[in-house]
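What follows is a single structure, written as structure tokens, with notes after it.
Derivation of every value follows stated rules applied to the coordinates shown; laboratory data play no part. The model shown is predicted, which means the values in this text are computed figures rather than measured ones. Virtual Cβ from ideal backbone geometry, glycine too; neighbours counted across all protein chains shown.
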Amino acid sequence: MAAPSPSLLRLGYFGRAGSFSHVAAERRFPKGNLSECPTVEEAFARLQAGDFSHILVPIENASSGIITNTADQLMRLAKTDAGAALQIREALAMRIELALMARADTKVITKIYSHRAPFDHSRDWLQKHYPRAEQIIVESTSEAAALAAKEKGAAAIAGQHTAASHRLKIVSKTVGSEVANQTTFIVVGPALARPAKPTHTSLVFELPHKPGSLVAVLHVLSRRQLNLTKILSRPIPGRFEEYRFMIEFQGAAPTKEVVDALARIKRLTDFLAIIGSYPVRRI
């Protein structure tokens, strides 16, 4: 199947219009046909159903770490027949600027809506300025802004760009500003047209349940000077105390180091899937 051109790309992004994923999608694919997905799970389901050619979802936030919803879906996809075709094609790193916003008639903020990642990033700021406000986690920052627009006394932590579309006033632009914030998004689907040279590789694998099995895999990377950039473990359903791993490292085939590493790791694991070799872009 030929790779879709940017003008024919049908891309589903996480969240509603105005979410950070939507901003990232518009910046990367300004000519693409973009559609919203309220949850990460729905984005992956609709990708596999053929509703989209690609999806764009967050994978990591600098403050809160790896987005486990996305990681879980990648791990599940790796175990299906579609996993070989639907892989990570790009990672997109974007600076995130958060703001606290509320309706113009709100004088006292009693509850705050946001995604988990902004709450993690702004924890100290919220404790200092709004220690008594109820914090309510929702699926996306765009949903948070929509909810705050409906309730007097409610606020949202979301991107500054969402305030105008929901007729919200910005209460503060300094939410967690003492620490730089960045989110990395991934594009998942078949190969893109005119792909850039890959710089990173991600794997999903399962190990024999014995001492040293994970160390052996990490030693393979270390011996070949392949720098580990992400690692996550998730329980394997029905197998108590056993875990499935997802890792990312700097390097990609056809370099000898990566080819040798993958061959060796395959011999050390009970299950191994490459879920993408891709470039990392800043947008």
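Residue by residue, here is whether (1) more than 22 Å from Leu232 (Cα to Cα); (2) touching a residue at least 40 places away in the same chain (Cβ under 8 Å) holds:
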residue: Leu74; (1), (2): no, yes
residue: Thr80; (1), (2): no, no
residue: Ala85; (1), (2): yes, yes
residue: Ala91; (1), (2): no, yes
residue: Ala99; (1), (2): yes, yes
residue: Ser114; (1), (2): yes, yes
residue: Ser122; (1), (2): yes, yes
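If you check Ile157 against the conditions, is it buried (at least 17 other Cβ atoms within 10 Å of the Cβ), β-branched (Val, Ile, Thr) and under 30 Å from Pro190 (Cα atoms)? Let's see the steps before the verdict.
Working: buried (at least 17 other Cβ atoms within 10 Å of the Cβ): yes; β-branched (Val, Ile, Thr): yes; under 30 Å from Pro190 (Cα atoms): no.
When the stated conditions are applied, Ile157 does not pass them.
Here Ser165 meets each of (1) within 22 Å of Glu26 (Cβ to Cβ); (2) of a type outside the set (D, E, K, R); (3) crowded, with 17+ Cβ neighbours inside 10 Å with one exception, condition (3). Scanning segment 237-271 for residues that are touching an Asp or Glu at 6+ places or on another chain (Cβ under 8 Å) and buried (at least 16 other Cβ atoms within 10 Å of the Cβ) gives Arg244, Phe245, Gly251, Thr269.
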